[in-house]
Each structure stands twice: as structure tokens, then as C-alpha cells.
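**Student:** My questions will all concern the structure given below.
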There are 2 protein chains.
Amino acid sequence: MTMHTVVFMISADPEGARYKRLAAVLRTRINSGELRVGDKLPSEKDLKDEYGMARETIRKALGLLRGEGLIEVRQGHGTFVRGKGEGRIVKLAKGERATARMPTPTERHELDIPEGVPMMVITSSDGKEKLYPGDEIVITS
Amino acid sequence: MTMHTVVFMISADPEGARYKRLAAVLRTRINSGELRVGDKLPSEKDLKDEYGMARETIRKALGLLRGEGLIEVRQGHGTFVRGKGEGRIVKLAKGERATARMPTPTERHELDIPEGVPMMVITSSDGKEKLYPGDEIVITS
DNA sequence: AGTGATTTGTCCGTATGTATA
DNA sequence: CTATACATACGGACAAATCAC
């Protein structure tokens, strides 16, 4: 039995953009458990060297994953696998309605929502709105 | 009283990145009603000429708005102001829980969810999940 | 406290490909 | 077929945040 490191190649098949294929590879590395919550991904420079892409292309791939709420990027620090959130439970009162949308940058800052995480909006019958980070709330009847 | 066209300038105050300020300007032009649902935004080239930024910078600004579900970009066609969705109402059954997250590219394609729109996940007590585009659903108790 | 190295953020310019009108 | 418009990719440069020492 030969010991070997698993190298996740970018498929030579030119199906789709390179940054999308790289994102798919990284998504697999995360979902497969090779990279766990809190783990640091390779730096953009390392990914650039490893996959032979321009840094901008690497960043586009990371941007996709960030948009899915799968990773968190901290300037000067690194890129990390994000957790799923606690799942605080909120009971929907009579007449209240819940919907989801993406927050504006202002709302993101005020509610401390990371990029790529939606927002849950609960509207009561009088029109007042309550806002929650979408990954930290579960609604029950 | 002087008649004048309102020109949305990029504030000279260098607060934040240029693409974020441009996004804020465009967001205002949309929310103020100057640009309505379905309206076409200026082309990337026009925005580039108008604001004197590189096209990549323009695209980053548009990317922000796309990430908020505010605009829709169609290759070879243009950039358009997105509608808010219908608001189909779904009643939450006993034991069901609702949460929101961003869809993966696969889920986006299968549910025909535009970029920047979250997904509502309704989980029943037996673990089965129902998926809805987040901007086309409203949940009531 | 400070300095340098690392890492991500922003911005620019250019070129080419793909989709639509 | 041509022109327009968005998509992808590369390269370079400097700024800003963080870390290691």
C-alpha cells in the first residue's frame, strides 16, 4: 500500500470557468471533512502556486464559497471554514410573516452578519420588522 | 430656481473602497425610484466612462448589488433592476422548522434561483426538507 | 514597542471568449 | 456578419490588517 497525499486536481475537461471548478474542488474538500470547521485554507498565494492560476482567479473562487457562507475571510489573517451557526429558535406569533433576503452592507454590519449569510425578516401585522441572521435562527409554528 | 439633472457623484470623501461607494450610489438610484424594476442600468463601459473607474472596479460594485439580489446581470444583454418576487405564502405545519441559507450552484440551477437570492429550507419532523427560493416565499404560522 | 513578513483588500490595464441583439 | 455587452483570465502595484519575533 502506497502512502500518498490526495491531490485535488482541476479537471482537465474544460467544462465551465476555471474559478468555478476550483470552487467545486474546495467545496468538496470542505464537505468531505478534509477541511473542518475553523480550519484554515491555504493562502491565496499557496493556492495560486498549487493550481497555477492568477491570484484574481483564486479570489473569484473563494468569493463564490464566501457567497455560499461556506468560508470566512479575514484580512491579514487567512481564510477559514465557517460553522453552521447555533440555530436559535424563534416562534412565529399570530399574524407574523417570515421571509428571507440578503442584507445590505449596513444591515450586515449592524447585525454582525458575515458575507454570504442571508437575513430572516419577520414582519408583524402592524408592519414592524424584526431582523435575524439567517443562519442563527430557526422558525417554528 | 435652477433646473438641473441630479448627478449621483462618488463622494470625494475617501471613506471606504471606491466600488463600495459606487454600489451605494447605484443602490440609491434604485431605491429612490429613479431606476425601476426591469429598467436597464448603464452598460459597464458607460459606467466606466461616467465614473472613471476600471471596468473590474465597476464589476465589483455590480457584484455587490447582485449579491443583494437587487439587480440581475445577463451576459450580452445588460444589467437590470430585479423585482422583489411574488411572495407565495406557505403555512408552517406542526413540527416543521424553517431556516434560510444560500443555495449551492446546483441548488440554484435546480430551483432556478438567481444569484444573490437565499433559499428557504423547511424541515419536517422526520428530517425531510423542502426548498424554496427565499424571495418567493412567505411563511406564516 | 517595533519591525518585517505574511495575507487579504483594492485598483488598474490588457486580452480574449461567449452571449445577445 | 457585425456590434454591443458581459465573462473570464492574466499581470502588476500598492494599501491595510495581522502575526511572529
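**Student:** Calculate one ³J(HN,Hα) per residue across the range B:95-108 by plugging θ = phi - 60° into the Karplus curve 6.51 cos²θ - 1.76 cosθ + 1.60, and present them in order as whole Hz with x for glycine and proline.
**Tutor:** In residue order, the calculated couplings are x, 7, 10, 10, 9, 10, 7, 7, x, 6, x, 4, 5, 4 Hz.
**Student:** Which one, A:V81, A:L62, A:L41, is farthest towards the positive end of the dipole of the range A:14-81 when Lys and Arg carry +1 and Asp and Glu -1 on their Cβ?
**Tutor:** Towards the positive end, the residue furthest out is A:L62.
**Student:** Roughly how many whole Å is it from the C-alpha centroid of the range B:30-105 to that of the range A:99-141?
**Tutor:** About 18 Å separates the Cα centre of the range B:30-105 from the one of the range A:99-141.
**Student:** Shortest first, in nm, what separates the label point of A:K128 from those of the same position in the other copies (7 Å along Cα→Cβ)?
**Tutor:** In nanometres, ordered from closest: 3.8.
**Student:** Could you work out which residue, out of A:T28, A:T99, A:T57, moves most in a Gaussian network model of chain A, that is, has the largest mean-square fluctuation with Cα springs under 10 Å?
**Tutor:** A:T99
**Student:** Name the residues whose placed amide hydrogens come within less than 5 Å of the amide hydrogen of B:L41, ignoring near sequence neighbours (fewer than 5 apart) on the same chain.
**Tutor:** B:T79, B:F80, B:V81
**Student:** How far, in nm to one decimal, is A:E50 from itself in the other copies if the label point is set 7 angstrom along Cα toward Cβ? Shortest first, please.
**Tutor:** Those separations, rounded to one decimal, come out as 4.2 nm.
**Student:** Partner chain Cβ atoms within 10 Å, averaged over the residues of B:113-121 - can you pull that number for me?
**Tutor:** Values: counts 0, 0, 3, 4, 4, 12, 3, 7, 3.
For peptide B:113-121, the averaged partner shielding equals 4.
**Student:** What does the accessible area per residue of chain B come to in Å², with a 1.4 Å probe and no ligands, DNA or RNA counted? List each step's numbers first, then the result.
**Tutor:** Values: 8520 Å² over 141 residues.
On a per-residue basis, 60 Å².
**Student:** While we're on this one: For the interface of chains B and A, what total accessible area is buried with a 1.4 Å probe, rounded to the nearest 100 Å²? Before the final figure, lay out each step's value.
**Tutor:** Working: alone 9540 and 9520 Å², together 17020 Å².
In total, this chain pair buries about 2000 Å².
**Student:** Something else about it: With an 8 Å Cα cut-off and a minimum separation of 6 or more residues, compute the relative contact order for the range B:88-140 in percent.
**Tutor:** On the way: 76 pairs, mean separation 23.6, N = 53.
Relative contact order for the range B:88-140 comes out at 45 percent.
**Student:** Under the definition of partner shielding as Cβ atoms of other protein chains within 10 Å of a residue Cβ, what is the mean value for peptide B:135-141?
**Tutor:** Values: counts 5, 1, 4, 6, 10, 7, 11.
So the per-residue partner count for this stretch is 6.
**Student:** Next question, about the same structure. For A:K45, what charge total do you get from the other residues with a beta carbon under 14 Å from its beta carbon, if Lys and Arg give +1 and Asp and Glu give -1?
**Tutor:** Numbers: positive: A:K40, A:K48, A:R55, A:R59; negative: A:E44, A:D46, A:D49, A:E50, A:E56.
Surrounding charge for A:K45 is -1.
**Student:** In what sequence, highest mean first, do A:63-73, A:129-139 appear when ranked by Cβ atoms within 10 angstrom?
**Tutor:** A:63-73, A:129-139
**Student:** Taking amide hydrogens as modeled 1.01 Å from N in the peptide plane, which residues meet the under 5 Å criterion relative to B:I71, leaving out close sequence neighbours?
**Tutor:** B:R66, B:R82
**Student:** Treating only the Cβ of Lys, Arg, Asp and Glu as charged (+1, +1, -1, -1), what charge dipole size does the protein assembly as shown show about its Cα centre? Round to the nearest 20 debye. Intermediate values should be presented prior to the final figure.
**Tutor:** Values: 48 positive and 42 negative charges, 29 e Å.
About 140 debye.
**Student:** Given springs between every Cα pair under 10 Å in a Gaussian network model of chain A, which of A:D126, A:D112, A:D39 has the largest fluctuation?
**Tutor:** Its mean-square fluctuation being the largest, the pick is A:D126.
**Student:** In degrees, nearest 10, range 0 to 90: what is the angle between the Cα axis of helix B:18-31 and the longest Cα principal axis of chain B?
**Tutor:** The angle comes out near 70 degrees.
**Student:** Sort shortest first the distances from B:V37 to its counterpart in every other copy, using label points 7 Å along the Cα-to-beta-carbon line, and give them in nm.
**Tutor:** With the label placed 7 Å along Cα→Cβ, B:V37 yields 3.8 nm.
**Student:** Given the rule -39500 (n - 2.57) for each run of at least 4 DSSP H residues, summed and divided by the residues of chain B, what is its mean residue ellipticity at 222 nm, to the nearest 500 deg cm²/dmol?
**Tutor:** Details: 4 runs with 42 residues, N = 141.
Per the formula, -9000 deg cm²/dmol.
**Student:** What is the set of long-range amide H partners of B:M120 at a cut-off below 5 Å, with H atoms built 1.01 Å from backbone N?
**Tutor:** Those qualifying (amide H under 5 Å, at least 5 residues apart or on another chain) are B:Y132, B:G134.
The values are calculated or read from the model by the stated rules, or taken from the named source; none is laboratory data. Computed from a predicted structure; not experimentally measured. Neighbour counts are summed over all protein chains in view; Cβ atoms, including those assigned to glycine, are modelled from backbone coordinates with ideal geometry. Surface accessibility is based on the protein's heavy atoms, side chains included, excluding ligands, DNA and RNA. Shrake-Rupley method; radii C 1.70, N 1.55, O 1.52, S 1.80 Å.
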